[in-house]
1. For region 1-147, what % of the accessible area comes from carbon and sulfur atoms, probe 1.4 Å?
2. When the chain is fully extended, how far beyond the present Cα-Cα distance does residue 19 get from residue 111, taking 0.36 nm per residue of separation?
3. Work from the charge dipole of the chain (Cβ charges, +1 for Lys and Arg, -1 for Asp and Glu, about the Cα centre) and give the residue of 133, 115, 99 farthest towards its positive end.
4. Which helices of the chain meet both criteria: a Cα extent of 20 Å or more along the helical axis and a mean Kyte-Doolittle score no lower than 0.0, with helices taken as whole DSSP H segments?
5. Among the lysines, which have Cα under 30 Å from the Cα of residue 6 when same-chain residues fewer than 8 positions away are ignored?
6. Which residue, 40, 55, 68, has the largest displacement toward the positive end of the dipole of region 1-104 when charges sit on each Cβ (Lys, Arg +1; Asp, Glu -1)?
7. Let me know the shape class of region 1-113, please: from the alpha-carbon gyration tensor, a ≥ b ≥ c as square roots of the eigenvalues, rounded when a/c is under 1.5, otherwise prolate if a/b is greater than b/c, or oblate.
8. What does the charge dipole of the chain about its Cα centre add up to, to the nearest 20 debye, if the Cβ of each Lys and Arg holds +1 and the Cβ of each Asp and Glu holds -1?
Amino acid sequence: MTARVKALYAVFEGLLHEIAKFGVVGAVNYVLDVSVFNLLLAEGLHGKPLTAKTVSTVIAATSSYFMNRHWTWRHRERTGLVREYGLFILLSGVGLAITVACLGFGEYVLHEHSWLARNFWGNVVGVAFGMVWRFWSFKKWVFLEPEEQATEDAAHEALV
């Protein structure tokens, strides 16, 4: 059993490390996002939770880009700040839309307007769905594999 577990780990080792690093970066920026969101709700945007969530997400996404670029996927190709950050923000915008849709569902469909409900729908449900989208899309389109590794992977997939 131990040999099988080691073999399985060897196959997924790189992915597991990326997921762990992405999770740490996500946790740091989640705290930043939630803190800014609640600060904005308390300081003048109480009646505008979607605006507060948008602002807090843009701040956290910018921080997340630099942390992911220089730690999570530092081993991947560098294709330029403008290209990477532009795509990162665009794909984060899709993640934001997912998050805001969840928050909007709680706010406008279920008519749950408490701080707890807003944090649950925006910062638990929305962030969870948005996180899955972000990991997959950043890995696929922003932080690209080195060219020779991408070619080897494509050749292997063609054989399967």
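1. Here it works out to 74 percent.
2. Values: separation 92, 0.36 × 92 = 33.12 nm, distance 3.49 nm.
Gain in length upon complete extension: 29.6 nm.
3. Checked the options; the winner is 115.
4. Long hydrophobic helices here: 2-42, 49-67, 81-104.
5. 21, 139, 140
6. So the residue furthest toward the plus end is 68.
7. Values: a/c = 2.67, a/b = 1.75, b/c = 1.53.
Prolate.
8. Taking the Cα centre of the chain as origin, the dipole is about 280 debye.
The values are calculated or read from the model by the stated rules, or taken from the named source; none is laboratory data. Only a predicted model underlies this, so the values are computations on that prediction, with no experimental measurement involved. Positions of Cβ are backbone-derived with ideal geometry, glycine not excepted, and every protein chain shown enters the neighbour counts. Note: areas computed on protein heavy atoms with side chains; ligands, DNA, RNA excluded. Shrake-Rupley method; radii C 1.70, N 1.55, O 1.52, S 1.80 Å.
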